[in-house]
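Before any comments, here is the structure.
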Amino acid sequence: MNPFELRYSLLSDARNTLFEQWHAAMALEEKCADAENRTPVAIPAPTPAQIKAYATDLYEFVTKRD
């Protein structure tokens with residue numbers, strides 16, 4: 001895997017993970033709002049900066065040598 005493929009893979013994994021967490025949080029908010037008979041509160045989607053930061057965390061974890 002060349003550096004570009006590695007970077008793309010890390011960004012893709014970070015984006016997928018954060019959006020899965022966001023979808024789960026939105027689903028939970030909708031269920032809670034239904035149970036409490038209120039309007040769901042919008043949870044902001046992950047930003048590109050958050051995705052890049054998470055990709056950096058993933059990279060650091062993979063390259064860490066303990």
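The values are calculated or read from the model by the stated rules, or taken from the named source; none is laboratory data. Worth saying up front: this structure is predicted, and the values here are computed from it rather than measured. Cβ coordinates were reconstructed from backbone atoms using ideal geometry, including for glycine residues, and neighbour counts include every protein chain displayed.
List of remarks:
- Number of positions in the range 41-51 that are surrounded by 14 or more Cβ atoms within 10 Å (Cβ to Cβ) and either assigned to a helix (DSSP H, G or I) or at pLDDT below 95 (or both): 2
- Restricting attention to the range 41-61 and to residues that are hydrophobic (A, V, I, L, M, F, W, C) and touching a residue at least 12 places away in the same chain (Cβ under 8 Å), the residue that is farthest from L18 (Cα to Cα) turns out to be V41.
- With respect to being touching a residue at least 12 places away in the same chain (Cβ under 8 Å), of a type outside the set (F, W, Y) and either surrounded by 12 or more Cβ atoms within 10 Å (Cβ to Cβ) or within 21 Å of E60 (Cβ to Cβ) (or both), E29 fits the description.
- Residue within the range 8-23 that is surrounded by fewer than 10 Cβ atoms within 10 Å (Cβ to Cβ) and in contact with a helix residue (DSSP H, G or I) (Cβ under 8 Å, 6 or more places away or on another chain) present: no
- Looking across the range 52-66 at every residue that is more than 16 Å from R7 (Cα to Cα) and among the basic types (K, R), the one that is surrounded by the most Cβ atoms within 10 Å (Cβ to Cβ) is identified as K64.
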